[in-house]
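Heads up: the structure comes next, in structure tokens.
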């Protein structure tokens with residue numbers, strides 16, 4: 001019997017003993033065995049902390065992001081191998097696409113996030129704060145990679161996506177991972193990890209794999225580690241309550257299966273576009289991955305007067321779903337992940353039937369194509385009806401993790417909101433409605449109990465990613481029963497693996513620490529004009545104090561004529577009584593334009609390629625005719641840009657702090673951050 005291997009401390013090793021058997025979900029045939037017996041879990045974590053963590057921490061966000069991009073490109077060259085194994089989990093081609101290519105898509109998405117971080121191993125978090133009148137004492141927040149390891153304990157339903165969506169985030173943050181996939185489908189996770197390790201793209205110790213039991217791994221975690229769990233709420237609670245997790249205050253992120261719901265709006269009727277969208281979405285959520293998704297719809301709320309129409313429409317739609325061997329192109333729903341999973345689903349459905357009735361499907365038989373219904377873990381889609389949802393606890397508390405959902409009526413939108421909350425917290429909820437007011441009422445009323453809410457209507461349905469699709473740039477998690485955790489979410493997810501520390505000191509000292517110029521820090525003046533320097537030659541704090549420029553009424557008049565901005569405050573003959581101004585005031589954009597004229601060196605070609613934009617522009621003090629304006633222009637931050645084509649000019653983005661001052665110097669007349677694209681010497 002083939003035995004899966006564990007990747008520990010840089011070596012592929014097999015666990016001792018026979019291990020747990022893994023089966024082909026479609027044929028019931030034994031595939032492999034998995035065991036972690038004999039693995040030194042403490043040593044595995046120490047290897048990650050001592051070898052993988054320092055290597056990743058030395059890399060910048062941009063280097064880590066490019067590492068993820070290279071890994072995604074590499075894995076795409078092995079898709080056929082992954083798909084062939086995925087069929088054996090019971091997944092159809094469409095199911096496998098979500099798992100495999102969706103997981104790789106997470107690598108690409110997180111790789112792109114590098115552009116939102118500096119080209120350094122750490123970053124500033126949020127705005128800096130001036131804490132003194134004399135501008136000599138300030139504070140900011142730093143985010144640095146934790147010195148531990150991410151331990152991911154994953155579910156069986158997405159053996160690829162579940163791993164990649166998590167490690168993409170911790171690797172971008174600079175933290176290594178130990179992945180423990182659910183044993184039933186670990187053979188697919190193992191195949192992907194083997195390709196990752198063979199690629200040589202990740203530094204040593206960045207990724208380890210356990211195929212089998214998690215053993216005593218949680219006995220050895222520490223405060224710098226992060227544990228994530230995806231699976232049942234009961235198992236998650238047990239792990240979260242581990243004494244070492246509690247004693248060491250180890251961050252624990254739980255994403256638990258929840259009783260997600262979908263609502264049909266009161267205004268939607270048969271024959272409308274939204275009606276068809278609703279029926280299609282429910283069928284998709286019940287049958288994709290055979291309903292084995294943590295985000296799948298479990299509760300269906302429809303207006304009481306539409307209950308019978310929805311029941312009939314769903315029955316027709318579900319009957320058109322061909323079930324069977326996922327290798328057959330005609331099949332639209334494969335099997336559950338295994339016989340054990342099928343038994344558990346049936347047990348849960350039996351509990352639901354205490355207060356509901358089965359209105360579509362059968363617990364005992366299912367017609368399948370190109371397969372054996374008993375040898376494979378096949379199950380019919382099961383639609384239940386509960387006509388008293390406010391008086392029945394079962395549909396709001398019991399989850400059957402398969403192609404099972406319960407239909408329930410409601411009277412008004414407030415009732416729909418109340419029913420949605422009876423699930424005590426979910427990963428996601430949807431409402432299908434063409435009425436934006438109804439959508440607003442539902443979202444604002446239900447948002448406290450759902451991690452994500454999708455509003456579906458005719459306008460967005462065609463391009464919508466759907467109810468059950470978590471996205472890398474959106475948070476995935478939910479309150480209450482859903483675990484109270486949060487993962488992904490773009491930069492938000494990365495910050496879970498970074499330690500936030502408040503740092504106080506002088507502006508000059510904090511500039512040296514952060515690598516980002518802090519306002520009022522000592523500048524580097526003198527020497528050649530900053531615009532004559534290549535990207536590599538520029539230093540943070542390089543500063544230019546410009547000559548002065550007298551602002552006249554003629555300047556203001558001419559700018560008004562040129563721009564067409566004849567706002568009353570810019571006119572000489574305005575009666576300024578009961579206004580905010582004493583006399584004719586200069587346009588803010590005139591001040592910014594004159595500022596550019598003062599700091600731009602425009603007489604000969606130089607490394608500055610173009611103006612890339614303006615951020616955080618503020619006009620803080622009125623400028624009247626007779627004012628002399630000058631500029632303090634400082635190199636604030638540098639961000640390297642990757643070449644998209646070999647022929648691209650090597651370049652980077654430079655952020656400049658532009659402080660606009662009058663004769664008094666303080667307070668500022670205006671402040672902005674401008675961005676320029678600057679040529680690099682080397683490609």
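Bear in mind these aren't lab numbers, they're just calculated from the coordinates by the rules spelled out. None of these values were measured; they are calculated from a predicted model. All Cβ positions, even for glycine, are placed from backbone atoms using ideal geometry, and neighbour counts span all protein chains on display.
Brief remarks on what is shown
- Counting only alpha carbon atoms, the long axis of helix 339-352 and the longest principal axis of the chain meet at about 90°.
- Cα Rg, Dmax, the chain, angstrom units: 30.1, 94
- The ranking of 408, 333, 254 by Cβ neighbour count inside 10 Å, starting from the fewest, reads 254, 408, 333.
- Contact order relative to length of segment 208-287, as percent, for alpha carbon pairs under 8 angstrom and 6 or more apart: 27
- Residue exposure sequence - 68, 657 - by fewest surrounding Cβ within 10 Å: 657, 68
- Ordering of 620-630, 441-451 by burial proxy (mean other Cβ atoms within 10 Å per residue, highest first): 441-451, 620-630
- Inverse of mean 1/r across different Cα pairs in segment 368-479, Kirkwood, Å: 16.1
- Helical contribution to [θ] at 222 nm, DSSP H n ≥ 4, -39,500 (n - 2.57), averaged over the chain, rounded to 500: -8000 deg cm²/dmol
- Sorted on the mean count of surrounding Cβ atoms within 10 Å across their residues, most packed first, peptides 647-655, 610-618 read 647-655, 610-618.
- Antiparallel beta bridges, as assigned by DSSP with both residues in segment 39-253, represent about 25 percent of the total such bridges.
- The relative contact order of the chain, computed from alpha carbon pairs under 8 Å that lie at least 6 residues apart in sequence, is 12 percent.
- 0 to 90° range, to nearest 10: angle between helix 273-287 axis and the chain longest Cα axis: 60
- Among beta bridges identified by DSSP and lying wholly in the chain, the antiparallel ones come to about 60 percent.
- The value of relative contact order for segment 588-669, using C-alpha pairs under 8 Å at least six residues apart, is 30 percent.
- The order of 242, 467, going from fewest to most other C-beta atoms within 10 Å of their C-beta, is 242, 467.
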